[in-house]
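K.L.:
Starting off with a structure, shown below.
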Amino acid sequence: MKTKLPVILCSAAFLVAAGCSTVDSRIAKNRAAFNTWPPAVQDKVVQGQIDIGFTPDQVRVAVGEPDRVWSRTTTDGTSQVWSFRDRGPHFGFGIGVGTGSFGRHGGSFGSVGIGTGTGYRDDEKMGVVFDSTGRVSSIETRQRTR
């Protein structure tokens, strides 16, 4: 039993540190607010879904805390964007090329990389855009291409 206790404690500490939460646990923690929301909003939140017009609190209860937050400025004004990562398993393969020379008295190594992006990282699955009133105005989902 003594050898199992550290494993159990480490596992529990990992889950707490990782911020594990479920829709049910987030609803329980925010029960008073949840009870004031319209039934259509409650139904979506219980399913872990969000919709246009949701408040930041409703989004947090439905899908959890965002992994990244940034501002987007367009001709329509400035919006806040929340990004959520895909926490499922991922597999990848990469190849790198570099040149270098190392000698008896030191060495040097050089390489060049070029990248492009959309503002989202590879592991981000959803962006939620809030308008100037603080309500969800756009939900951007990312489809993985193979």
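K.L.:
I want to confirm something. Restricting to region 26-47 and keeping residues that are basic (Lys, Arg) and within 20 Å of MET126 (Cβ to Cβ), which single residue is most open to solvent (accessible area, probe 1.4 Å)?
P.N.:
Here the residue is LYS44.
K.L.:
Inspect all residues belonging to region 48-59 and state whether any of them is outside any loop (DSSP other than H, G, I, E, B), open to solvent by less than 80 Å² (accessible area, probe 1.4 Å) and at pLDDT below 95.
P.N.:
no
K.L.:
Further, regarding this structure: Please pick out the residue among ASP76, ASP51 that is closer than 14 Å to SER137 by Cα and either aliphatic (A, V, I, L, M) or in contact with a helix residue (DSSP H, G or I) (Cβ under 7 Å, 6 or more places away or on another chain) (or both).
P.N.:
Selected residue: ASP51, the only one of ASP76, ASP51 that is closer than 14 Å to SER137 by Cα and either aliphatic (A, V, I, L, M) or in contact with a helix residue (DSSP H, G or I) (Cβ under 7 Å, 6 or more places away or on another chain) (or both).
K.L.:
On to the next question. Condition test on ARG87, is it surrounded by 10 or more Cβ atoms within 10 Å (Cβ to Cβ), of a type in the set (D, E, K, R) and at pLDDT below 95?
P.N.:
Against the criterion (surrounded by 10 or more Cβ atoms within 10 Å (Cβ to Cβ), of a type in the set (D, E, K, R) and at pLDDT below 95), ARG87 qualifies.
The values are calculated or read from the model by the stated rules, or taken from the named source; none is laboratory data. Keep in mind that this is a model prediction, so the values were computed, not measured. Cβ: placed from backbone, ideal geometry, glycine included. Neighbour counts: every protein chain shown. Only protein heavy atoms, including side chains, enter the accessible area calculation; ligands, DNA and RNA are left aside. Shrake-Rupley method; radii C 1.70, N 1.55, O 1.52, S 1.80 Å.
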